[in-house]
Amino acid sequence: MALAGIRRLLGPGADRATVQLRWQLFAPLALAILTVLTAWVILLYSQQRTTVTRQVTQTRSLMDSAYRNGVAMQARLLGAIMETITHNDALMKAMESRDREALFSLASPMAAELRRHFGITHFYFLDPERKVVLRAHQPHNFGDIIERITTAEAARTGTAIDGMELGESNILTQRRVSPWRDGTRLIGYVELGIDLEQILGAHHLLARKPLFPLLYKSNLDRSGWEAGMRMLGDVPNWDLFPSFVIGLHSGEAMPGELADQLAKALAAGDQSTDLVLGDAHYSAVFLPLIDVSGKAVGQLLALIDVSAALAESRQTFYAGTLVSVVIAVLLVLSFNRLVIKVGARLESHEEELKRLAIHDGLTGLRNQLEFYTVLEAELERAQRTGRAVSLLLIDIDDFKKVNDRHGHQAGNLVLKELAELLTRQVRTIDSACRYGGEEFAVILPETELAAASSLAERIRAATEEFEFSIGEEQPTNVTISIGVASYPAHAANTRALFTAADTALYEAKNHGKNRVSTHAAIHAVAPGESMPLRQEKH
């Protein structure tokens, strides 16, 4: 019956020999098509898995950068607060006279304010021999001598020292220790500290991920660590992992099922593992935690939710398999035509993926990753050609007030219209990017500092005059601050150029906002003033 059916398909006059001959030709063709399509499906699935891996790798890189930036930002904050404390005459008199009651009366409300507003958890006063005169955060604990590296280095060098270090409570803390002098006479030391938990929770890129500091047990005293964790309101679990303990974490505690899976993976020496909790899939990523001495004291564990990416991978695989069956039939009938259509579709999808990968979804400008790529490329080209390249870093002044007053939807409208304004102001060879929340950047190839500063002032003035539409309410106005830096005037590489522009932006913010500042300028430029182009130090 089957042979009769085949004959009917082949048409009249198809005898047994013809059927066999045609099967001999069709079988290799069918096998070849099946092999090719199977390989295509496997490749498609592999590419999707590679996409997931790339997402994890890029996230890890961003988180590493975010963590380093967070630590640097907290160090600057501690430095600014330390300046205020060491120039407080009342505190200085109380310290010089070793009047603990007066010192506590002045420092206690200050410590409460610093903790509430800035997350500062440690506030010490030490005498010249590094003996604790007062712990403002623990007033009944005093009289001991501090032997930590940061304190010892501050005493040895006579300068302020910053660094991440374990304290007496075995809690990893970012510290700043500064000598305190009355003129040339050393009256003691002031120490400020922020627990790692505060640093992790403060940075928006890190705060989106479940983060858990894993500290090496070899560096800890069990009883001291457990006491410190309880003192700070966390529940210690020394025996959860073989060689680590979970320090203070940002966000919720790690679910027990995930902790068990992670413990087994670490026991097996696997630090690139996928963890599953219900329908959620996580990829564990580790970042090293280095203290002030350069020693690794633990690792920062980030759990990256890859559920959506894996689901997309599975859907793509199933869809690809189904499409493969259809393609197999169509290939027998019309191979060339189908190849053209599939090729055009894949090319279209690839172009769209490329576009989405390098552009910000809200403003349509280049995103942060593409900003770094373009900046590096332009700097390399400038180094080859001997031409200049300039960088503008732009920040919307008091943008939080727009969101608080009008809502985040209005804030998004402001961001989109500012992006359009930037696009109109710059040249086609320039690259306008959205660097972060309300931060923008403009890369200006073949542009000297003077021209870049002039453009920055035009952008600033145009923004100040522009009425931003925020829905049904009355139009609103916003202002921006701009930092300007140029290669080779201010920097020899990408990092230095960005740092120079960022420093200039900080100067503009620090001198009243709604201003343009160059890296070379000692003061920001008020609206309408000409740019100071001479080389000066901050």
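Taking the simple approach of a point 7 Å from Cα along Cα-to-Cβ for both Asp64 and Asp182, what is their distance in nm?
4.9 nm
Taking θ = phi - 60°, what integer Hz values does the Karplus form 6.51 cos²θ - 1.76 cosθ + 1.60 yield along segment 415-426, in sequence order, with x for Gly and Pro?
The phi angles translate into 4, 5, 5, 5, 4, 5, 4, 4, 4, 6, 7, 8 Hz.
Considering amide H positions built from the backbone, and no H for Pro or chain starts, which residues 5 or more places from Leu275, or on another chain, come under 5 Å of its amide H?
Those qualifying (amide H under 5 Å, at least 5 residues apart or on another chain) are Tyr282, Ser283, Ala284.
Would you please give the FRET efficiency between Val326 and Ala280, computed as 1/(1 + (r/R0)^6) with r the Cβ-Cβ distance and R0 = 35 Å, to the nearest 0.05?
0.60
Net charge around Gly193, counting only other residues with Cβ within less than 9 Å of its Cβ (Lys, Arg = +1; Asp, Glu = -1)?
Net charge in that neighbourhood comes out at -1.
What distance in nm lies between label points placed 7 Å from Cα along the C-beta direction at Ala451 and Ala496?
Calculated label separation equals 2.3 nm.
Once fully extended, how much extra length lies between Ala90 and Met231, figured as 0.36 nm per residue of separation less the alpha-carbon to alpha-carbon distance?
47.7 nm
Can you compute 3J(HN,Hα) from phi for each residue in segment 78-94, using the Karplus curve 6.51 cos²θ - 1.76 cosθ + 1.60 with θ = phi - 60°, rounded to whole Hz and x for Gly and Pro?
So the J values, rounded to whole Hz, are 4, x, 5, 5, 4, 4, 5, 5, 6, 9, 8, 4, 5, 4, 5, 5, 5.
Going down the list Lys354/Lys509; Lys354/Lys416; Lys264/Lys295, which pairs span over 28 Å between their C-alpha atoms?
From the list (Lys354/Lys509; Lys354/Lys416; Lys264/Lys295), the Cα-Cα distance tops 28 Å for Lys354/Lys509.
Each reported figure results from applying straightforward, stated rules to the coordinates on display, with no laboratory input. Keep in mind that what you see is a predicted model, and the values were worked out from it rather than measured. When we count neighbours, we look across all protein chains shown, and the Cβ atoms used for this are built from the backbone with ideal geometry, even at glycine.
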